[in-house]
Structure formats: C-alpha cells, structure tokens
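The values are calculated or read from the model by the stated rules, or taken from the named source; none is laboratory data. Model, not experiment: these values are computed from the prediction. Cβ placement follows ideal geometry from the backbone for every residue including glycine, while neighbour counts extend to all protein chains displayed. Please note that ligands, DNA and RNA were not included when accessible areas were found on the heavy atoms of the full protein model with its side chains. Shrake-Rupley method; radii C 1.70, N 1.55, O 1.52, S 1.80 Å.
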Amino acid sequence: MSGQFSPLGAEHVALQDRARDLAQLCLPHAERADESDCIDADVLKLLKDSGLAAVQVPAAYGGHFESPDSLAVTIVREQLAASSSHLDSLFAMQGIGSYAISVGGSDEVKEHWLPRVASMDAIAALALTEPDVGSDLKALTTTIVADGDEVVVTGTKSFITNGGDASYYCVLGKEEVGDGVGYSLVLVPADTLGVTTSRPHQIMAPHVLGDIEFDAVRVPVSHRLGAPGKGFGLVLATLATFRVSVAGAAIGTAQAALDDALTHTTGREQFGTPLARLGPVPQMLAMSWTEIEMARSFTYQVARAAACDPTGSLHLSSMAKIGATEVAGRVVDRSVQVMGRFGLVRGSRIERLYRAARPMRVYEGATEVLLDALSKQLIRGHRQ
C-alpha cells in the first residue's frame, strides 16, 4: 500500500505485519495446499501457531478484541490471500462459522466451542446452501423440529466450506414456530450420530467443500443459536460482519497479481526495451495500481464502519465486495496478459491467482444478486 496514507492504528498495523509474516511462511506450501480438497496439515499448523484466528472470537472466550472486528479480519485476509487461497479460506471460516455462536449461543456452547475456534483446535463451518437452494435461502428444505429437550435436524446441505473437515456445523433450517414457519439455526457437532459427509463437487480454485447429510440428527436444545425462528437474523449479522472481508481477500489477490506482473515486465526485455515501458503495458500496470488503491481505500473505510455498525453498513460492505472482487478480476486478467506466455504456465502463482479471483464474484453474495439488492435500496431512498 502507498505510504501516503495511514488509515490503520498501531494495533491493526501490528496484526497486518503478523499476517504478512504468516503469508510468507505459507508460501512454500501454497501450491500444494491450494490444490487440496481437505485441510492441509502444514497450513493448519502455521495458522494455529500464528494465533491470528483469535481475532475471530470475543476476548471473553480467548479472542483478541471485545467482539470480532471487521477491519482486523479484512486486513488479515488481504495478506493471507496474496499467499494462499487455502490459508485465507481456513482463516475466514473461523469467523464466518462461529459468529452465530458468539452472538446467539448459550453460555455452555460458547464456553465449549469458542476457545477451540480461537486456538484452531476446532474447525468451524456454516451450513446454509442446499443442492437446489443457493441465493434463495427461504426455499431451503432442511427441517428443525423441537422434541422435548432435543431438536431434530433433517436435510442435506451442499457446497459447504470445510465440509468433511469441520468440527461442527451451524445449520439453518425451517421450523414451525407458533402458527407459522420460521428459520432456525442449530449447532450440530460433526461427530453426532446421523451426520455423514461427501465431496461430490470441486471448483476451479480447489477448495475444502463438502455435502452434509443430516439424517434425523438429534442435539440438545442448548445447541440452538438464537431464538426459534430467528435464524435469519444471525445469518444476516454474520454477513454484515464478514462480507467486507471478502473485499480484503480480493485486494490481496489483485496486489499479488500486480506484483508478479511488475516482476516479469521490469525484468524482461523485448525489442531492446523492458516490457514495463513497451506499448500499452505501462498503462495496464498503472491502471491496475490505480484500481487496487481505490478499492483498498474504500474497503478499509467500510470495514471500519462495519466494525462499529455491521447491519447499518451492510450496503457499504456489499459495495466493497462488488468493487474489490471486480477489480481483482480485471487486475489478474491484465497481469496474465502482460506476462504473455509466462502468464499461462500451469502451476505458477499467477495461474493460481487467476483461478482464485473468479469465484470471489460468486460466493458470499454474487455480484448480480448484491447489485439487485442495492438497486432496491437506492430506489426506495430516492422515493422517500
């Protein structure tokens, strides 16, 4: 980042430095880990030893801040994504998969799971999507039924990050509440009777993904997260807190691609001139730099706002996520182009970055879905 700005306080700068150090330590493992469909043991150990997962958990349960801090998560993800998408995902999911526990869990559940999440002794997961349900979560078919001092979870979740390797799943399902139907969230330990996992899918940027079958799974009523029928509120709170961090990961991905492009174009000559000074290449590099700095500045400001008022800043988090992930796609593509045939080499970092950038515009809110929601908010505001 340009030295012209100092948007971060000393505590966040220190976290940024720690994350950068971790990213460097992970580089020798990145090529292997980023092709894995299960958690890489070396990357897990490095993340555990770093202690950085503590930023995802409240201080009362072994965390770093009083409550999970959106800016801290965002700046850490920026550094980690530049090194390894596997490392970034492993870190990110400790927050995304535990936030509902932090704000909606019973004391018993918090005390059991949150210290383990902070220390990386438990792997977190949030189970929302289903084989036929993606963005339209209200169409989900998983059911939650109260039965005395237990709740029964039945259904199938699909494309779940950390599926098969997680220690527990926070599961969203339909539940009859009073005279209507609501959506409830329940924590299901992975080793509970009736939980089975499979891995029928993999994406272009390999990821720890699994499908989870819940066959009349019974857990204590204390495993509810939030009140019956109020699960969507916890899901929304999770998205509001962590969506902006996807922008951080996108910026890290874009910066790494630009760094590779600069190394190549300043070190290689054609027609007696460094590529970095030849034809349209200088303008392509400068445009990438410009877009990254614009995205970074906006993302940091939004992350700071999200740390203070997550739900009130959700529209800004969506904007940051859209803007930064679209920038990452353009920057990585330009970087491949200026590197010519060397940008197409299988197994290179730029190839991994190219594949990693594309899913960012889909997961945790596809660009078009977020734009549709923003347009509705914009038009409502105009009419008032």
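The residue list SER119, SER106 contains one member that is farther than 16 Å from LEU185 by Cα and open to solvent by 10 Å² or more (accessible area, probe 1.4 Å), which is SER119.
With respect to the conditions (1) modelled with pLDDT of 95 or more; (2) within 16 Å of the chain's Cα centre (by Cα), TRP289 falls short on a single one, namely (2). Only a single criterion out of (1) in contact with an Asp or Glu (Cβ under 7 Å, 6 or more places away or on another chain); (2) open to solvent by less than 10 Å² (accessible area, probe 1.4 Å); (3) not small (Gly, Ala, Ser) is not satisfied by GLN56, namely (1). Report, by residue number, each residue of the stretch 126-148 that is touching a residue at least 60 places away in the same chain (Cβ under 8 Å) and within 19 Å of the chain's Cα centre (by Cα). If the condition is that a residue be touching a residue at least 60 places away in the same chain (Cβ under 8 Å) and within 19 Å of the chain's Cα centre (by Cα), then LEU126, ALA127, LEU128, SER135, LEU137 are the ones that fit. Of all residues in the stretch 293-323, those satisfying the criterion of being open to solvent by 30 Å² or more (accessible area, probe 1.4 Å) and either hydroxyl-bearing (Ser, Thr, Tyr) or in contact with a His (Cβ under 6 Å, 6 or more places away or on another chain) (or both) are SER297, THR311. When restricted to residues that are closer than 29 Å to VAL362 by Cβ, over 23 Å from the mean Cα position of the chain (by Cα) and open to solvent by less than 70 Å² (accessible area, probe 1.4 Å), the stretch 189-216 contains 2. Among the numbered conditions (1) open to solvent by 40 Å² or more (accessible area, probe 1.4 Å); (2) among the small types (Gly, Ala, Ser); (3) within 21 Å of THR197 (Cβ to Cβ), the only one that ALA127 does not meet is (1).
Against the list (1) free of Cβ contacts under 8 Å to residues at least 12 places away in the same chain; (2) among the β-branched types (Val, Ile, Thr); (3) buried (at least 23 other Cβ atoms within 10 Å of the Cβ), the condition VAL345 fails is (3).
For residues in the stretch 37-69 being of a type in the set (Ser, Thr, Tyr) and modelled with pLDDT of 95 or more, which is farthest from LEU209 (Cα to Cα)? Residue satisfying both the conditions and the ranking: TYR61.
Exactly one condition in (1) open to solvent by less than 60 Å² (accessible area, probe 1.4 Å); (2) farther than 24 Å from TYR300 by Cα; (3) out of contact with any His (no Cβ under 6 Å at 6 or more places or on another chain) is false for GLU364; which is it? (2) is the only condition that GLU364 fails. Counting just the residues of the stretch 59-102 that are in contact with a Phe, Trp or Tyr (Cβ under 9 Å, 6 or more places away or on another chain) and among the aromatic types (Phe, Trp, Tyr), which one comes out most open to solvent (accessible area, probe 1.4 Å)? Filtering first and then ranking leaves TYR61.
The residues of the stretch 93-120 that are closer than 21 Å to LEU15 by Cα and either without any contact (Cβ under 8 Å) to a residue 60 or more places away in the chain or in contact with a helix residue (DSSP H, G or I) (Cβ under 6 Å, 6 or more places away or on another chain) (or both), listed by number, are GLN94, GLY95, ILE96, SER98, TYR99, LEU114, PRO115, ARG116, VAL117, ALA118, MET120. Among the residues here, THR156 qualifies as in contact with a Pro (Cβ under 7 Å, 6 or more places away or on another chain), in contact (Cβ under 8 Å) with a residue 40 or more places away in the chain and of a type in the set (Val, Ile, Thr). Here is the figure for the stretch 160-187: residues that are among the aliphatic types (A, V, I, L, M), free of Cβ contacts under 8 Å to residues at least 60 places away in the same chain and surrounded by 14 or more Cβ atoms within 10 Å (Cβ to Cβ) total 4.
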